[in-house]
Amino acid sequence: MKELIKTFYTALNDHDPATMCNCYHKDIVFKDPIFGELKGDDVKKMWYWLCENGKDLTAKFSDLNIDDQKGSVYWEARYTFGTRKRLVLNRVHTTFEFKDGKIIKHVDDYSLHRWASQAMGWKGKVVGGTTYFRKKIQHRSGRLLKKITLP
């Protein structure tokens, strides 16, 4: 399973969503603060969108703790966000569950408030830690994924 996780994050750094999605079980469940809970093709759409739109995204991973059933990894994403090209360094702790040699559950945990502060400046510092902001960004993210067609 360790090689599977290495393949996943190497593919993210290489902007290769097809390889990333191949690491997932067909019944994948993903959860993070921005997208909320996603299942199946919506998870794949998210990675295709992020790889396509995050041209300057780099991902570094470390601290792999993996066995046959579950695992965790620490990783950092660096990229610029929005029209103002604000630099974001997102520090993420991820947990996984595996089934049939693939990732079936993927949970990214990070501070939405910290992310919003970096990505949106003072407005993100003010509202980024609120329930209202979390619900609004998850709603917008869900609408965005509905517009995406997988290759």
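The values are calculated or read from the model by the stated rules, or taken from the named source; none is laboratory data. Values in this document were obtained by computation on a predicted structure and should not be read as measured data. In this analysis, Cβ positions are derived from the backbone assuming ideal geometry, glycine residues included, and neighbour counts consider all displayed protein chains. The protein model used for the area step is the full one, side chains on, heavy atoms only, and it has no ligands, DNA or RNA in it. Shrake-Rupley method; radii C 1.70, N 1.55, O 1.52, S 1.80 Å.
In whole percent, and with a 1.4 Å probe on the protein chains, what portion of the accessible area of the chain is carbon and sulfur?
C and S atoms contribute 51 percent here.
In the neighborhood of residue 51, defined by Cβ-to-Cβ distances under 14 Å, what is the net charge if each Lys or Arg adds +1 and each Asp or Glu adds -1? Walk me through the numbers on the way to the answer.
Details: positive: 44, 45, 55; negative: 14, 16, 52, 56.
Net of charged neighbours comes to -1.
Given a cut-off of under 8 Å on Cα pairs at least six residues apart, what relative contact order in percent is computed for the range 1-138?
Working: 258 pairs, mean separation 31.0, N = 138.
That works out to 22 percent.
Net charge near residue 25, counting Lys/Arg +1 and Asp/Glu -1 over other residues with Cβ under 12 Å of its Cβ?
+3
Would you mind checking the range 81-98 for residues with the amide N under 17 Å from a putative spin-label position 7 Å along Cα→C-beta of residue 65?
It comes to 92-98, nothing else.
Among 90-100, 63-73, how do they line up by average Cβ neighbours within 10 Å per residue, starting with the highest?
On the way: 90-100: 16.0, 63-73: 13.5.
The packing order, highest mean first, is 90-100, 63-73.
Let me check the size of the range 82-151 from its C-alpha atoms; what are the radius of gyration and Dmax in Å?
Taking only Cα atoms of the range 82-151, I get Rg and Dmax of 15.0, 45 Å.
Relative to the compact-globule scaling 2.2 N^0.38 Å, provide the ratio for the alpha-carbon radius of gyration of the chain. Walk me through the numbers on the way to the answer.
Details: Rg = 15.0 Å, N = 151, 2.2 N^0.38 = 14.8 Å.
Output field value: 1.01.
Using alpha carbon centroids, what distance separates the range 90-151 and the range 1-66, in Å?
12 Å
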